[in-house]
Amino acid sequence: MEDDASARATSSAQPSRPEADLRSAFRHGRHAFMAWNMSLWVLVVAVLAGLLAVVPPWLFARRRPGYSHLRNTLSELGETGAPDAARVAWLAFAPLGLAVWGFVALLGGRLPEDARTGLVLLSLLGVSYVGAAVFPCDAGAPFWGTWRNQMHNLVAAIGYFGAGAGLIELGRTFEDMAAVSGLAVLTSALGKGVLAGIFVLSFESPMRGLIQRLIETTVFGWMVLVGAWLVLGA
């Protein structure tokens with residue numbers, strides 16, 4: 001009798017099959033919602049970064065007579081002695097660097113641990129923008145110049161190289177992730193394109209501005225694409 005009572009008590013303490021299925025479905029739904037919510041934030045910050053990369057430079061360029069988006073680099077908008085140098089540094093470059101770091105942090109929440117190397121490399125792009133705010137280039141953005149100009153060029157090179165290498169590394173990571181495997185080949189190809197753009201940018205050219213903007217379009221366009229891909233696939 002005692003054994004029967006104990007068995008009945010144990011049975012009553014355990015959830016029924018329908019109740020267990022309901023709890024499992026609830027946990028799955030909550031997990032899916034959290035993943036979708038995180039993906040949405042990845043997209044929002046990617047769009048914000050893209051807007052910061054486009055709108056402030058366009059507005060400040062309009063205030064610079066003779067400035068050419070094809071010939072002049074973005075750095076020249078905040079060069080030493082420019083009328084809007086401080087505004088470009090702290091209203092354009094620095095916020096963009098913070099937005100890149102925010103994107104990397106949020107994307108890291110949707111990727112496995114082995115994506116860390118690619119994310120760290122990509123975060124160097126944010127370092128380059130914050131560094132551009134701290135170390136403005138000389139007039140005309142020369143390859144050498146003052147120590148401050150050389151620091152500017154150094155952080156810029158590190159940032160763009162990190163972006164290219166980071167995309168290549170993330171492309172390898174994406175191959176093993178069902179959610180973004182469709183972006184693996186494209187991501188690696190874009191990373192190689194960024195590195196090729198850096199090589200071309202290292203030479204004097206009347207099209208330096210255009211080359212730099214193609215690099216930036218590649219990186220920020222990829223960021224928006226990844227965010228949208230995660231939202232639609234979550």
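Points worth noting:
- Options Leu190, Leu183, Leu214, Leu232: the member that is at pLDDT 95 or above, open to solvent by 50 Å² or more (accessible area, probe 1.4 Å), among the aliphatic types (A, V, I, L, M) and over 23 Å from Trp144 (Cβ atoms): Leu214
- Selection count where residues are part of a helix (DSSP H, G or I) and either touching a residue at least 40 places away in the same chain (Cβ under 8 Å) or open to solvent by 70 Å² or more (accessible area, probe 1.4 Å) (or both), scope the range 57-78: 7
- Conditions (1) buried (at least 23 other Cβ atoms within 10 Å of the Cβ); (2) modelled with pLDDT under 95; (3) of a type in the set (Gly, Ala, Ser); number of the one not met by Gly81: (1)
- Any hit, the range 123-140, residues being farther than 30 Å from Pro83 by Cβ and not aliphatic (A, V, I, L, M): yes
- Scoring Val224 on the criteria (1) at pLDDT 95 or above; (2) within 22 Å of Arg110 (Cβ to Cβ); (3) surrounded by 15 or more Cβ atoms within 10 Å (Cβ to Cβ); (4) over 16 Å from the mean Cα position of the chain (by Cα) leaves a single failure, condition (4).
Conditions tested, residue by residue: (1) open to solvent by less than 30 Å² (accessible area, probe 1.4 Å); (2) at pLDDT below 95.
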site: Arg116; (1), (2): no, no
site: Val120; (1), (2): no, no
site: Val130; (1), (2): no, no
site: Cys137; (1), (2): yes, no
site: Gly145; (1), (2): no, yes
site: Gly159; (1), (2): yes, no
site: Gly164; (1), (2): yes, no
site: Leu167; (1), (2): yes, no
site: Leu170; (1), (2): yes, no
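Listed here are the residues, each with its yes/no results for (1) within 12 Å of Val219 (Cβ to Cβ); (2) more than 14 Å from the chain's Cα centre (by Cα); (3) assigned to a helix (DSSP H, G or I); (4) not charged (D, E, K, R).
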{"site": "Gly159", "(1), (2), (3), (4)": "yes, no, yes, yes"}
{"site": "Gly162", "(1), (2), (3), (4)": "yes, no, yes, yes"}
{"site": "Gly166", "(1), (2), (3), (4)": "yes, no, yes, yes"}
{"site": "Leu170", "(1), (2), (3), (4)": "yes, no, yes, yes"}
{"site": "Thr173", "(1), (2), (3), (4)": "no, yes, yes, yes"}
{"site": "Leu186", "(1), (2), (3), (4)": "no, yes, yes, yes"}
{"site": "Lys192", "(1), (2), (3), (4)": "no, yes, yes, no"}
{"site": "Leu195", "(1), (2), (3), (4)": "yes, yes, yes, yes"}
{"site": "Ile198", "(1), (2), (3), (4)": "yes, yes, yes, yes"}
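The values are calculated or read from the model by the stated rules, or taken from the named source; none is laboratory data. On a predicted model such as this, the values are computed, not experimentally measured, just so you know. Counting neighbours? That spans all protein chains shown, and the Cβs are built from the backbone with ideal geometry, glycine included. These accessible areas exclude ligands, DNA and RNA; they are computed on the full protein's heavy atoms, side chains included. Shrake-Rupley method; radii C 1.70, N 1.55, O 1.52, S 1.80 Å.
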